[in-house]
Each structure stands twice: as structure tokens, then as C-alpha cells.
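Structure in C-alpha cells, see below.
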Amino acid sequence: MRHLMSPLDFTVKELDTLFNLASDIEKHPGKYAHVCDGKKLATCFYEPSTRTRLSFEAAMLNLGGSVLGFSEASSSSAAKGESVSDTIRVISCYADICAIRHPKEGAPMVAASKSLIPVINAGDGGHQHPTQTLTDLLTIRSLHGNLNGFTIGLCGDLKFGRTVHSLIRALLRYNNIHFVFISPEELRIPDYIIDELNEQNATYEEVIKLDDVIGKLDILYMTRVQRERFFNEEDYVRLKDFYILTKEKMDMAKKSCIVLHPLPRVNEISVEVDDDPRACYFKQAQYGVYVRMALIMTLLGLEG
Amino acid sequence: MLNIGQIEEGFVLDHIRAGESLDIYYKLGLDKIDNTVAIIKNVRSDKMGKKDILKVECDVEMLDLEVLGFIDHNITVNVVKGGKIVEKKRLTLPKEIVNVIKCKNPRCITSIEQELPHIFVLTDPKHEVYRCKYCEEKAVKRI
């Protein structure tokens, strides 16, 4: 039985197969409308996450299956002190596959070790969020054409953002990708990620201003810069505009550049950018459903 | 000069960094057995300046010394039989250690589920890095 704990659990070849399936689902949704008839997905969310949970539920419903679960720990047996191991043993009796989100890091792995059904890590604290990374990879593959040979700018909070760390690690398995890290000094990419880039002989550069590099990017991956991450208000006020993507900044970008964001957005992408055809963050959310559909089918061993 | 008698069968753990013998005593579970154990601290050493030595009188099959490779693979393990050293064991880094150290990450699942074993996996043999199996937090070797 297969689980998904980390985006690196799948080999590049397995990911190719998964993304091919997701692309086919995108093109021929009707073909897959009943592949999960009679199957149930349990969404066990120990902390609230509307988007991820709904994306999983939409994926299962699109496949003809049904969903059950809870959306916060207080409405589950965890509130009575039940362990994750016990909960998953019980859920295994009710559902065919389970997506679990938990504030404690490693909780989905504990669940997987005791489960009788496939378990998907839907986010465990600041540790892993593999289906977001799969979503990002599928979006890049679909909109850029492939996962090799491009310049990607990652902009914003590169220190604490698990989404960014996870995406970099996943992209390091592909070829000829140039990384451009755009962040304030306080939020620069951690040294251990830089070490991994050096070990793999990946090319990268670190800059403070988005304006300086936006013209050379094929992909711009925006993240939120939170005020509370700065040591003082003065620095925040001085730097915050560097990381807000505006129509003027988009004028400097390539015509083929695609803009991604894991969402939710606050103010780091001006709403006027939404109408730009290069703004692909809402399409990205749609790809999140396709990739979860493909993942559910793969882990359940189903074919279209 | 302090004299400590020879052992007939067991282990002499030599070249322990000064001050660490008591940690090793507990990590090997020597506090839980009823055998003769000598803890010798701050012995003069040409190589190390000061060192600790542990002598354990026991059946040589009785102790799992794999954990020593995690603590310090420079420790010399002398196997004694019939009052003589019959083997000097080379220590290697164990691939996995269970319930030797605890994960210190407050966000780790082990912080709330007490029955879970604390498992650390060797992820980078070159730099001797162990990480928690659950949350991937880097191990802090010394307690």
C-alpha cells in the first residue's frame, strides 16, 4: 500500500505518470466521473484549512466518490484525547483513503504506519505539504510546457515558507533550472537549502529587489511577506513595496512569464494584476484539484 | 594511584571523552542490570589529555553497543574473555537509533503522543547528521 508523505516519495518517472494522468483528467473529465463510484475519502483535518480540504473533497466528488470527515480537532475524538494511531485505525474501517492535516509535524507519518488505507499528508505544521508541491509542479509543467530549462524567481518570505523550500527540493530533480531568490535580508533562503543547491551544482542568485530581476524570469512564484517577520517597523515600511507585484512591475516582465502564488494572497499581488493573462494563481488552484484527483486514483490503484 | 581489578568477561570501553562516561552508562542501560560496572573518570591520556573508561563485567552477547557508534565512534571497545582482550571492535554509525535521545522539536508529534518511540535516522553519514523520523528535526547529540 502506498502513502504520500513528502513530494519526494515519488520518483521523477512516477511523477511524470501522475502528471500525465492529471493532464488527461483536465482534458477529458467525463472519462473519470465514475472511477471512484462507491469509494469514500476521509478528510481528517485537525486544524482548519478551507482551501486544501475543499480541493480534496472536490477531487473525490469529481471522481464519483463521496467524502466524510472533520474540519477541526474540537469536532473529532482528538478533543477527548484519542491518539492519531487510534483514530486512523477507526477511519480505516469507514473509508477507502484518507487525507490528514495536523498541526504536529510527523502526525501523518504516524497515521500511515498504522493505517489499513492509503494516507495523504495534507499538511503537517511547518513540515510538509506535498500536494501543494505537486500542484505547483503540475501547473508549471502544464503552463510552461515542461519541468526543465527555465528561470524561476521565488519572491517574498523565503526563510519560513515551507511551500518554497519544498518546491525548490522538488525542482532540484529536474535539469537546467536557474533559481532567483528575491527577499529581504531578514527573510533570505536558509543556508541548508543553499547547501543543497550547491551540492547539486544548481545555479542561483539572491537579490533584494524584484525590479532588478523580473525581466529575466520565466516563472515568478510569489509568497506573502508578513509584517510580523520583520525585526522593526522601519525595515518593513522600507521594504514592503519591493515585494508587491503591481501592473507597473508586470510591464517589465517577459510576455511569456507566468505568475504563481500558493494563496491565500493578502496584498503582495495587486488585484489589478489578476486580469493579466500571465497571472496564473487561480488556474493553479484548479490544477490542485486535477493533481489530487490523479493522486487519489494512483494511491487507490485505479485506472481511467 | 587507583587500582581497579581486571574483568574475566565483558567490555572495556576506552577513550571515552572525559565527563561522558555517566551518559554512556545510562544510554547502554547499565543502571538496569545487576552486573559489576566500573566508571573511571578523568584518567590521564597521552592522546586525549583526559579520558573516561567504563569496565563492564557481563556476557559479551548481553550489550547492544550499536548506540555507541552514535554517541562517539572514536570510543575503543575491547572485548574481554578469560581475563584477556580478545577483540577490538570498530564502531560504525548506526542507520537508526530508537529511544536513545528525544526529539526536542515542540511541534513534533512525539511531543504529544507519549507512546511513540523516538526514532532518529542517519540522513547524512558524511556529517554524522541524524534526523527525527517524524518531523526531520536535526538530532542534538549531547544531552
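The values are calculated or read from the model by the stated rules, or taken from the named source; none is laboratory data. This structure is a prediction, so every number in the text was calculated from the model and none was measured. Note that we place each Cβ from the backbone using ideal geometry, even for glycine, and neighbour counts take in every protein chain shown. Accessible surface areas use protein heavy atoms only, side chains included; no ligands, DNA or RNA. Shrake-Rupley method; radii C 1.70, N 1.55, O 1.52, S 1.80 Å.
Table: residues versus (1) surrounded by fewer than 16 Cβ atoms within 10 Å (Cβ to Cβ); (2) within 14 Å of another protein chain (Cβ to nearest Cβ).
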residue: B:ASP52; (1), (2): no, no
residue: B:GLY82; (1), (2): yes, no
residue: B:LYS88; (1), (2): yes, no
residue: B:VAL100; (1), (2): no, no
residue: B:CYS103; (1), (2): no, yes
residue: B:ILE109; (1), (2): no, yes
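Suppose we filter the stretch A:59-103 for residues that are part of a helix (DSSP H, G or I), more than 12 Å from every other protein chain (Cβ to nearest Cβ) and either open to solvent by 10 Å² or more (accessible area, probe 1.4 Å) or at pLDDT below 95 (or both); how many remain?
Going through the stretch A:59-103 one residue at a time, the tally reaches 13.
Let me ask something else. Every residue in the stretch B:69-80 that is at pLDDT below 90 and open to solvent by 20 Å² or more (accessible area, probe 1.4 Å), please.
B:HIS73, B:ASN74
Still on this structure: From the set of residues in the stretch B:130-143 that are facing chain A (nearest Cβ under 10 Å) and not charged (D, E, K, R), which is surrounded by the most Cβ atoms within 10 Å (Cβ to Cβ)?
So, considering only residues that are facing chain A (nearest Cβ under 10 Å) and not charged (D, E, K, R), the one surrounded by the most Cβ atoms within 10 Å (Cβ to Cβ) is B:TYR134.
While we're looking at this one, here's another question. Restricting the search to the stretch B:17-74, which residues are assigned to a strand (DSSP E or B) and touching a Lys or Arg at 6+ places or on another chain (Cβ under 6 Å)?
B:ALA38, B:ASN42, B:VAL43, B:SER45, B:ASP52
Then there is this: Name the single residue, out of those in the stretch A:276-291 being over 11 Å from the mean Cα position of the chain (by Cα) and of a type outside the set (Phe, Trp, Tyr), that is nearest to A:ILE25 (Cα to Cα).
Checked the stretch A:276-291; the qualifying residue nearest to A:ILE25 (Cα to Cα) is A:VAL289.
Quick check on B:PHE70: is it within 14 Å of chain A (Cβ to nearest Cβ) and not hydroxyl-bearing (Ser, Thr, Tyr)?
no
Here's something else I'd like to know. What number of residues within the stretch A:109-135 satisfy the criterion of being within 17 Å of the chain's Cα centre (by Cα), more than 10 Å from every other protein chain (Cβ to nearest Cβ) and open to solvent by 10 Å² or more (accessible area, probe 1.4 Å)?
Adding up the residues that qualify gives 2.
Taking only pairs six or more apart or across chains, which ones have beta-carbon atoms under 8 Å, a first residue in the stretch B:84-109 that is touching a residue at least 60 places away in the same chain (Cβ under 8 Å), and a second residue that is assigned to a strand (DSSP E or B)?
These pairs meet every condition: B:ILE85/B:VAL12; B:ILE85/B:ASN78; B:ILE85/B:VAL79; B:VAL100/B:PHE120.
Okay, next question. Would you please list the contacts, defined by Cβ atoms under 8 Å and residues six or more apart or on different chains, that run from a residue in the stretch B:41-61 that is within 13 Å of B:HIS15 (Cβ to Cβ) to a residue that is in a strand (DSSP E or B) and of a type in the set (Gly, Ala, Ser)?
B:LYS51/B:SER45; B:ILE53/B:ALA38; B:LEU54/B:ALA38
Let me ask you something else. Of the conditions (1) aliphatic (A, V, I, L, M); (2) more than 14 Å from chain A (Cβ to nearest Cβ); (3) in a strand (DSSP E or B), B:VAL121 clears all except one; give me its number.
With respect to (1) aliphatic (A, V, I, L, M); (2) more than 14 Å from chain A (Cβ to nearest Cβ); (3) in a strand (DSSP E or B), B:VAL121 is out only on (2).
Further question: Among all residue pairs at least 6 apart or on different chains, which show Cβ distances below 7 Å where the first residue, located in the stretch A:16-43, is within 14 Å of A:THR298 (Cβ to Cβ) and in a helix (DSSP H, G or I) and the second is open to solvent by 20 Å² or more (accessible area, probe 1.4 Å) and modelled with pLDDT under 95?
Pairs found: A:ASP24/A:GLY304; A:TYR32/A:GLY304.
Shifting gears a bit: Which of the residues belonging to the stretch A:269-281 are in a helix (DSSP H, G or I) and in contact (Cβ under 8 Å) with a residue 12 or more places away in the chain?
If the condition is that a residue be in a helix (DSSP H, G or I) and in contact (Cβ under 8 Å) with a residue 12 or more places away in the chain, then A:GLU272, A:VAL273, A:TYR281 are the ones that fit.
On to the next question. Of these, A:GLY106, A:GLY145, which one is more than 14 Å from every other protein chain (Cβ to nearest Cβ) and either buried (at least 23 other Cβ atoms within 10 Å of the Cβ) or more than 20 Å from B:ILE109 (Cβ to Cβ) (or both)?
A:GLY145
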